[in-house]
Structure formats: structure tokens, C-alpha cells
1. Taking the range 303-323 on its own, how many of its residues are out of contact with any helix residue (DSSP H, G or I) (no Cβ under 8 Å at 6 or more places or on another chain) and part of a helix (DSSP H, G or I)?
2. Applying the selection to the range 124-154, what residues are of a type in the set (Val, Ile, Thr), over 20 Å from the mean Cα position of the chain (by Cα) and closer than 15 Å to Arg77 by Cβ?
3. All but one of (1) buried (at least 16 other Cβ atoms within 10 Å of the Cβ); (2) closer than 27 Å to Trp224 by Cβ; (3) in contact with a Leu (Cβ under 9 Å, 6 or more places away or on another chain) hold for Met134; which doesn't?
4. Condition test on Ala296, is it out of contact with any His (no Cβ under 9 Å at 6 or more places or on another chain), over 30 Å from Gln344 (Cα atoms) and either open to solvent by less than 30 Å² (accessible area, probe 1.4 Å) or in a helix (DSSP H, G or I) (or both)?
5. Quick one: which of Leu157, Leu170, Leu117 is at pLDDT 95 or above and either under 17 Å from Arg77 (Cβ atoms) or open to solvent by 20 Å² or more (accessible area, probe 1.4 Å) (or both)?
6. Counting only residues that are surrounded by 14 or more Cβ atoms within 10 Å (Cβ to Cβ) and in a helix (DSSP H, G or I), how many does the range 338-362 have?
7. Would you confirm whether or not the range 209-218 contains a residue that is charged (D, E, K, R) and modelled with pLDDT under 90?
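The values are calculated or read from the model by the stated rules, or taken from the named source; none is laboratory data. What you are looking at is a predicted structure, and each value in this text was computed from that prediction instead of being measured. Glycine also receives a Cβ, built like all others from the backbone with ideal geometry; neighbour counts cover every protein chain displayed. The protein model used for the area step is the full one, side chains on, heavy atoms only, and it has no ligands, DNA or RNA in it. Shrake-Rupley method; radii C 1.70, N 1.55, O 1.52, S 1.80 Å.
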Amino acid sequence: MSFTSFEILFSSGIPSVNVSDLPPLPAPLWFIEFFKVLGFVLHMLMMNLWLVALPLALYLSWKGSAEGKKWAQRIIRQMPVIITFGVNFGIVPLLFIQVLYPRAFYPATILMGWSWLSIIWMLIPAYYGVYLYMFAIKKDAENIPGWKYFIGWLSSLTFILIGFIFVNGLTLTASPEMWHHVWMESGNEVAGATLGLGHALSHPALLARWAIMFGLAFGTVAGWTLLDVHLFRRPNSPLPITDEYRLWAGKFASRCALLGSIIFILAGSHYVFATWTDAAKQTMFSDKMFPITALAACGPVLTAIITCTFSRTQNIFFGLLPFLAQIISLSGNALARQGLQIFQLYGYLDITHMKINWELPSMWLFLGTFVGGVLVIVWMLYTAGMAVKNKNHSHKKI
């Protein structure tokens with residue numbers, strides 16, 4: 001880390017970093033931004049599920065109807081895989097933000113220190129807690145010991161807390177004007193060293209951003225519920241997709257999508273009109289950024305409309321439309337966040353004028369690994385789809 005990054009911490013001003021003095025980027029800006037956004041979208045898809053679907057499943061496995069308990073059991077059985085994919089997808093945007101903004105990301109996370117490092121120590125036991133509850137569900141879903149149920153809730157709340165720490169870290173990353181205040185408040189500095197107790201709780205946009213993510217998460221739960229109904233039906237499953245369950249799942253998905261769009265509209269309106277500066281509004285509503293901003297704003301509503309329209313269909317194509325709509329919604333949100341982040345840090349670090357030095361061996365290694373991972377996921381989805389097709393074909397023969 002350069003001296004300039006630490007200079008920010010000791011000054012109430014925001015000196016601009018001279019990009020000509022920085023090491024060149026290892027790949028073009030468009031390449032880095034593309035995979036940063038793509039990784040974030042994939043991460044959000046999975047992260048939304050443990051943010052909202054996991055606590056909903058825990059509640060419904062206790063107080064839900066027969067169909068609600070079946071949904072809860074299906075989600076809990078899938079959750080270890082969902083968390084695995086979510087954590088691995090989350091590495092991608094973290095890697096690329098460190099490539100683009102190391103002089104913003106590292107000071108912010110150093111100021112947060114202990115809470116940022118605690119993510120690893122919380123993630124591992126929370127992950128195993130979900131496994132423990134899944135095995136309890138498989139063994140006897142009707143008689144889960146109280147302590148295992150408690151572990152399930154503890155894991156769910158831990159994942160929510162981890163997400164809140166991430167929102168703090170990324171908010172602080174894009175707000176270098178806060179660093180001096182965070183450095184000096186509550187004795188957070190001793191002999192020139194930070195105690196690592198900083199946070200972004202005083203930032204006016206923090207809670208709004210957090211609520212926006214919950215709104216998006218309900219839309220993802222809606223899309224995933226219908227995806228599960230149409231795509232993840234295994235022959236001889238202990239939790240079969242019956243007509244009664246399909247009807248319940250359609251109603252449940254519609255309610256989740258509607259609730260998510262309402263939360264998003266309320267939180268998003270506050271986020272834009274109460275926390276954005278006039279310059280931010282002018283930038284995000286400019287001719288260049290307006291289509292992306294509009295997509296981010298309208299995406300959850302579009303997901304809700306499509307979900308309510310096709311929630312009861314038995315056609316697999318139309319049944320998957322809500323999930324595809326949610327992917328588009330999350331993509332619009334990720335693109336808008338990327339544009340806003342560039343604007344917020346423009347005065348401190350203008351990445352658009354950084355030099356580029358192609359590191360082809362590293363790029364080819366990354367692309368090869370990425371393509372291999374995509375092929376594995378496509379194969380998994382193809383296998384699940386063929387299982388559904390074969391089951392339907394067998395039923396027609398009978």
C-alpha cells in the first residue's frame with residue numbers, strides 16, 4: 001500500500017492519487033469490470049438465498065403448513081451447496097475490486113480490522129451449523145432437537161451479520177471522505193496505528209443499501225422457488241412435487257416477489273433521494289447511465305409482475321421466466337452499483353486513466369478455470385433437467 005493511502009487517514013482532506021505513479025492494470029478496464037460485475041451477480045443469486053430463504057425455511061420448518069414444511073426441507077437440503085457456490089462466487093468480485101481499488105479497499109478494511117477478519121471465524125462454524133441442521137432434517141424432520149434448531153438459527157443470523165459487515169466494508173471503501181472521522185472517533189487511533197474498530201454506521205446510505213439487498217433477496221427466493229419446482233425434481237424424491245405443493249409454491253413465490261418489490265421501492269427511494277448528492281443524481285440519471293439506473297430501479301417490479309403472471313404455469317419455459325427476470329434485475333443493480341462506485345471514487349482515484357500491462361499467462365489461467373467451472377455448472381443443470389424429463393416420460397408411459 002502506498003503512503004498516499006495512509007495520508008488520507010491522517011488528513012480531513014481527500015488528495016487525489018496520481019494514477020501515473022501506480023502500477024499498471026494487468027488487464028483492460030472493461031475486462032476487470034465485466035468479471036467484477038458477473039461475479040457479484042452470481043454471488044448475489046446465492047447470497048440472497050441464505051439471507052432470506054434460510055431464515056424463512058427455519059421458521060416454516062417449525063410453524064409452517066405441510067407444504068410450507070416441504071418447501072423448508074427442500075431449501076435446507078440445498079443450502080450447503082448454495083452456500084458453497086455463494087462463497088466461491090463471492091471471491092471473484094473481491095479479487096477484482098482489489099485489482100481496481102486497492103488504495104480504497106485496503107484502507108477501509110484496515111480501519112474495520114477486527115470485524116473484517118472475523119468474517120472467516122464466523123463463516124466456518126455457520127457453514128457447519130447449516131450442515132448439522134440439514135442432517136437433522138434428513139433424519140427426522142418432525143422431531144428436530146431444540147439445540148439443533150437453535151444452531152440453525154444461530155447459523156442464519158451469523159450469515160446475516162457477515163453480510164452486514166460486507167455492506168459496511170464496501171460502503172467505507174467508496175467513502176474516503178469518512179476515513180479521517182473513522183480514524184479519529186472513539187480513540188480508534190493509538191500512536192499512529194488503528195485499533196481496527198471502525199465502521200460505516202454513521203453513513204446515511206448504509207441501512208438503505210442493506211434494506212435494498214433484502215428486497216432483492218425476496219425476489220431471488222421467488223424465482224428460486226419456481227426454479228426448484230420445474231427443474232430440481234428428482235425421480236423417487238422423498239419430497240415429491242405434487243399438484244398441491246406446486247399451487248402452494250406459486251402463491252408463496254408471488255408473495256415473496258411482491259414483498260421484495262415493496263421493500264426495494266421504499267429503501268431504493270430513500271437511498272436515491274435522501275442520500276445521493278446532486279452530482280451523483282446528475283451522473284446516474286445522465287443519458288449514458290439512465291438505462292442502467294432505470295433497469296436497476298424497475299427490475300424487482302418486473303420480477304414481481306412476471307412471477308405473479310406465471311407462478312401457476314406447468315410449462316417449464318414460462319416457469320423459469322421469473323428466475324431469468326431476477327437475474328436481469330440483479331444485473332441491473334450490479335451495473336448501477338459499479339457506475340456509482342466509479343463516480344464516488346473518481347475524485348480520489350480515476351481508474352479510467354490507468355495504464356494497462358497485459359498479463360496474458362494469468363488471464364489465460366483465469367479464463368480457463370472460469371470456463372471449466374461454467375461447464376461443470378451447465379452439466380449439473382443438464383443432469384437435473386434430464387432427470388425431470390425422464391421422470392415425466394416414465395409417467396406418460398404408465
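1. Qualifying residue count, the range 303-323: 3.
2. Ile137, Ile144
3. The one condition Met134 does not meet is (3).
4. no
5. Answer to the selection: Leu157.
6. 10
7. no
To keep it simple, each residue is scored yes or no on (1) among the hydroxyl-bearing types (Ser, Thr, Tyr); (2) at pLDDT 90 or above; (3) under 29 Å from Gly339 (Cβ atoms); (4) touching a His at 6+ places or on another chain (Cβ under 9 Å).
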site: Thr4; (1), (2), (3), (4): yes, no, yes, no
site: Pro24; (1), (2), (3), (4): no, no, yes, no
site: Val37; (1), (2), (3), (4): no, yes, yes, no
site: Phe40; (1), (2), (3), (4): no, yes, yes, no
site: Leu45; (1), (2), (3), (4): no, yes, yes, no
site: Lys63; (1), (2), (3), (4): no, no, no, no
site: Glu67; (1), (2), (3), (4): no, yes, no, no
site: Lys70; (1), (2), (3), (4): no, yes, no, no
site: Ile83; (1), (2), (3), (4): no, yes, no, no
